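Visitor: I am attaching a structure below and will ask some questions about it afterwards.
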Amino acid sequence: MQRDREVNQELRDLDFTVFRFWVHEIKENLKTCINDVMMYLDLAKGNTTI
């Protein structure tokens with residue numbers, strides 16, 4: 001998990017937004033995972049500082 005935190009921080013430093021989903025979440029709740037990303041994108045449209 002430490003490596004995940006380091007990679008997340010490196011990506012954020014490059015202005016990426018990091019989403020992490022467990023494989024079982026994607027397999028069992030794909031719509032929820034997609035919804036999370038879509039909600040973020042919808043919010044980002046109105047606010048460029050997300």
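Please treat every number below as a calculation from the coordinates, not as lab data. Keep in mind it's a predicted model, so treat the numbers as computed, not measured. Virtual Cβ from ideal backbone geometry, glycine too; neighbours counted across all protein chains shown.
Visitor: Place +1 on the Cβ of every Lys and Arg and -1 on the Cβ of every Asp and Glu in the chain, take the dipole about the Cα centre, and give the residue among L43, C33, L14 whose Cα lies farthest towards its positive end.
Guide: Selected residue: C33.
Visitor: Just grab the label-to-label distance for K45 and R3, each label 7 Å out from Cα along the Cβ direction, in nm (one decimal).
Guide: Label at K45, label at R3, 3.8 nm between them.
Visitor: Specify which labelled value, from (i) 1.48; (ii) 1.04; (iii) 1.34, agrees with Rg/Rh (Cα atoms, Kirkwood Rh) derived from the coordinates of the model shown.
Guide: (ii)
Visitor: Through the Karplus equation 6.51 cos²θ - 1.76 cosθ + 1.60, θ set to phi - 60°, convert the phi angles of the stretch 12-28 into ³J(HN,Hα) values in whole Hz; use x for Gly and Pro.
Guide: Residue by residue, the stretch 12-28 yields 5, 4, 8, 6, 8, 9, 9, 10, 10, 10, 6, 4, 5, 5, 5, 5, 8 Hz.
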